[in-house]
Amino acid sequence: MPTSTARTLKGPRRVVRRSARRSPSPHWQFLRGFLKHPVMVGSIIPSSRILIERMLEPVDWENTKLFVEYGPGVGTFTRPILDKMGEGATLIAIDTNPEFIKFLEKSMDDPRLAAVTGSAADVEKIVAEHGFEKADYVLSGIPFSTLPPGIGEDIARATSQVIRPGGAFLVYQFSSKVFDFIEPWFNRIERAFEWINVPPARLFWAHKDGAD
Ligand SMILES: C[S@@+](CC[C@H](N)C(=O)[O-])C[C@H]1O[C@@H](n2cnc3c(N)ncnc32)[C@H](O)[C@@H]1O
């Protein structure tokens, strides 16, 4: 019977299309985020694997209890951080875009991850709310050069307060403007350039001297 056959064929096709809509790929979700908030997202393509490995290379994972990530987007760094982190450690990922946070919660089922909708400028409050005094490392992928006036300064100051002595602020950026924000707050800043990323990125490792 042609009518019922057509119905049968239509059914599964509709189901497939709906479930595809429910689980957008990370790249599509990232592009959608960029198209909605180009200034806040600041990039059209997630970070490259080489940039991720290079940025995280100096981290002392064995002694990391709390790692904080600013601007996780669709989790390009979040998954590698969780893969490297110890069983008892915590990762707090903070993004202003609630759709990215929802995406992370859906796609990363890991009890060590706390995904928070909020601003990096409020990191001290967010860290305290999760029962910690200090973070060992903070990683930032947020576009400092296009943030609204005053926010870059606030984030740099709050980050320097929340990192323990001996910890570090790890930053990847397409412009070196961020250096002006972090320079007053950290004892020693190492810099590098990574070509294998779209666009090529500037890397900063800002260290706080001393140990707990
Ligand atoms: C260039 S994307 C980085 C995405 C991802 N980490 C990567 O490496 O591919 C920048 C991210 O920073 C977020 N963002 C912008 N301003 C922020 C702020 N003040 N606090 C937290 N996240 C912010 C954006 O929503 C976006 O997800």
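The values are calculated or read from the model by the stated rules, or taken from the named source; none is laboratory data. Keep in mind it's a predicted model, so treat the numbers as computed, not measured. Using ideal geometry, Cβ is built from the backbone for each residue, glycine included, and neighbour counts are taken over all protein chains shown.
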Among (1) surrounded by fewer than 17 Cβ atoms within 10 Å (Cβ to Cβ); (2) at pLDDT below 95; (3) out of contact with any Lys or Arg (no Cβ under 8 Å at 6 or more places or on another chain), the one test that D83 misses:
(2)
Among the residues that make up segment 191-198, is at least one of them of a type in the set (A, V, I, L, M, F, W, C), within 24 Å of T64 (Cα to Cα) and surrounded by 20 or more Cβ atoms within 10 Å (Cβ to Cβ)?
no
Looking only at residues in segment 145-165 that are hydrophobic (A, V, I, L, M, F, W, C) and touching a strand residue (DSSP E or B) at 6+ places or on another chain (Cβ under 6 Å), which one is surrounded by the fewest Cβ atoms within 10 Å (Cβ to Cβ)?
V162
In segment 41-67, which residues are more than 10 Å from the ligand (Cβ to nearest atom) and part of a loop (DSSP other than H, G, I, E, B)?
E57, P58, V59, D60, T64, K65
So, in segment 90-103, of the ones that are over 24 Å from N63 (Cβ atoms) and buried (at least 22 other Cβ atoms within 10 Å of the Cβ), which residue ends up nearest to the chain's Cα centre (by Cα)?
D95
Taking A168 as meeting all but one of (1) outside any helix (DSSP H, G or I); (2) aliphatic (A, V, I, L, M); (3) touching a helix residue (DSSP H, G or I) at 6+ places or on another chain (Cβ under 8 Å), write down the number of the exception.
(3)
P149 versus (1) within 17 Å of the chain's Cα centre (by Cα); (2) at pLDDT below 95: which is the lone unmet condition?
(1)
I want to confirm something. Restricting to segment 131-140 and keeping residues that are in contact with a strand residue (DSSP E or B) (Cβ under 6 Å, 6 or more places away or on another chain) and assigned to a loop (DSSP other than H, G, I, E, B), which single residue is nearest to R54 (Cα to Cα)?
K134
Looking at segment 68-95 only, could you name the residues that are within 15 Å of the ligand (Cβ to nearest atom), under 15 Å from V138 (Cβ atoms) and part of a loop (DSSP other than H, G, I, E, B)?
G71, P72, F77
What are the pairs, 6+ residues apart or on separate chains, where a residue within segment 103-125 that is assigned to a helix (DSSP H, G or I) has its Cβ under 7 Å from a residue that is among the β-branched types (V, I, T) and near the ligand (Cβ under 10 Å from one of its atoms)?
F103/V74; L104/T78; A120/I94; A120/I142; A120/I155; A121/I151; A121/I155; V123/I94
Tell me which residues, restricted to segment 166-190, are under 17 Å from P58 (Cα atoms) and surrounded by 13 or more Cβ atoms within 10 Å (Cβ to Cβ).
G166, G167, A168, F169, L170, V171, Y172, F186, I189
Every pair of residues 6+ apart whose Cβ atoms lie under 6 Å, when the first sits in segment 180-198 and is of a type in the set (A, V, I, L, M) while the second is part of a loop (DSSP other than H, G, I, E, B) and surrounded by 13 or more Cβ atoms within 10 Å (Cβ to Cβ):
I196/S48; V198/I45
